Amino acid sequence: MLREETVFGPIFSRRLGTSLGINLLPEKGKFCNFDCIYCECGWNRDGRNDNKLPSAEKVRHDLSNKLQDLYADGVKVDSITFSGDGEPTLNPEFPQIIDDTLALRDRYAASAKVSVLSNATRVHIPEVFAAVSKVDNPIMKIDAPTNELVAKINNPAPGYDVQRVVEALKQFEGNFILQWCLLRSPEFDSSKPEVVLPMLDIIRTLHPREVMAYTIDRPTPAQNLSKVTPEEMDVLLKPLMDEGFKVQIKG
Ligand code: SF4
């Protein structure tokens, strides 16, 4: 499922209200430094025939037009989310795009929340951290507590180190949302204690203001994957809830 527009929507959802999406990746391809076995955009190798990333100027133009049209039509925008076909922070103009988006939000949709969905691989870069820390909801992914398991789930580009990501996420001082996808394959099971217990320790160390635990929902590029059910996640994450963490579970 690839998005063909830089600014897409609005989508109307009960949870987010009227939601606009921003895709900072190629209009006709996927561009990511992960290649997750569950990625709804498919494998990287199947979506790289278009490598042209939208410029800050194009994003500003498209978002401005969309917000002005919705404003003129009396449609209230509740949410603007960076969630395109890949990792948004890979766009070299990401910091400028965030500044432009916040300025346009303030002008045409002052109550809308801006969210960034990221795999957290680049928050150690000062400019990237400075940009994501400006938005209302920085939503950062960690799916596994060890580099070995990250390799099986996320297929990261060379150089990934989960400990470096944890250190980089400490900069938020808890003011971010941690996203964790739990699933099973013939090779691993996210619900096993050897995965869950160290993940809970990472979460305790980072103390995010919210944990979003979820599982696969759409067709996946890898075969033979299965869900960890919401009921199972309830049990697995109960220690965090008992400790006062805000936990959202999505099945
Ligand atoms: S980080 Fe997101 S976009 Fe990148 S491969 Fe994983 S699921 Fe797909």
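Here, each number is a calculation from the coordinates, and none is a lab measurement. Because the structure is predicted, anything quoted here is derived from the model rather than measured. With ideal geometry, Cβ positions are generated from the backbone for all residues, glycine too; neighbour counts draw on all protein chains shown.
Provide the gained length on full extension for the span Asn137 to Val166, in nm with one decimal, where the gain is 0.36 nm per separating residue minus the Cα-Cα distance.
On the way: separation 29, 0.36 × 29 = 10.44 nm, distance 1.79 nm.
Using 0.36 nm per residue and subtracting the Cα-Cα distance, I get 8.7 nm.
How long is the gain from Lys238 to Ile11 if the chain were fully straight, where each residue apart is worth 0.36 nm and the alpha carbon distance is subtracted? Intermediate values should be presented prior to the final figure.
Numbers: separation 227, 0.36 × 227 = 81.72 nm, distance 3.21 nm.
Extending this stretch completely gives an extra 78.5 nm.
Among Gly17, Pro95, Trp180, flag the residue with its Cα farthest along the positive direction of the charge dipole of region 7-250, charges on Cβ as +1 for Lys/Arg and -1 for Asp/Glu.
The residue sitting most towards the positive pole is Gly17.
Please list, short to long, the whole-number percent of alpha-carbon pairs of region 109-251 in consecutive 5 angstrom bins beginning at zero.
Reading the bins upward from 0: 2, 9, 20, 22, 21, 15, 8, 3, 1, 0.
Return the percentage of antiparallel bridges among DSSP beta bridges fully within region 152-251, rounded to the nearest 5 %. List each step's numbers first, then the result.
Details: 3 of 12 bridges.
Here the share of antiparallel DSSP bridges comes out near 25 percent.
Whole-Hz Karplus ³J(HN,Hα) for region 81-87, in order, using 6.51 cos²θ - 1.76 cosθ + 1.60 and θ = phi - 60°, x for Gly and Pro?
Rounded to whole hertz, the list is 10, 7, 7, x, 8, x, 9.
Quote to one decimal, in nm, the extra length available between Glu40 and Lys28 on full extension: 0.36 nm per residue of separation minus the C-alpha distance between them.
Values: separation 12, 0.36 × 12 = 4.32 nm, distance 1.45 nm.
Fully extending the segment from Glu40 to Lys28 adds 2.9 nm.
Counting just the Cα atoms, what span does the chain cover along each of its three principal axes? Round to the nearest Å and put the largest first.
On the principal axes, the chain reaches 52, 42, 34 Å in Cα extent.
For a quick protection proxy, order the peptides 71-83, 174-186 by their average other-Cβ count within 10 Å, most packed first. Kindly include the intermediate steps, with their values, before the conclusion.
Working: 71-83: 17.1, 174-186: 19.3.
Highest mean packing first, the order is 174-186, 71-83.
So, in nm, how far is label Glu127 from label Lys227 when the simple model puts each one 7 Å beyond its Cα toward the Cβ?
Modelled inter-label distance: 4.2 nm.
How do the peptides 211-221, 137-147 rank, highest first, by the average count of neighbouring beta carbon atoms within 10 Å per residue? Before the final figure, lay out the partial values.
On the way: 211-221: 17.4, 137-147: 20.2.
Descending packing order for the listed peptides: 137-147, 211-221.
Given Cβ point charges of +1 (Lys, Arg) and -1 (Asp, Glu) and nothing else, what value in debye, to the nearest 20, does the dipole of the chain about its Cα centre take?
Values: 30 positive and 36 negative charges, 50 e Å.
With Lys and Arg at +1 and Asp and Glu at -1, about 240 debye.
So what's the gap between the Cα centers of region 88-116 and region 20-79, to the nearest angstrom?
Value for the Cα centre distance between the two parts: 12 Å.
Run the numbers on the chain and let me know its relative contact order in percent, using alpha-carbon pairs under 8 Å that are six or more apart. Intermediate results must be reported in sequence, preceding the final value.
Working: 472 pairs, mean separation 41.7, N = 251.
Answer for the chain is 17 percent.
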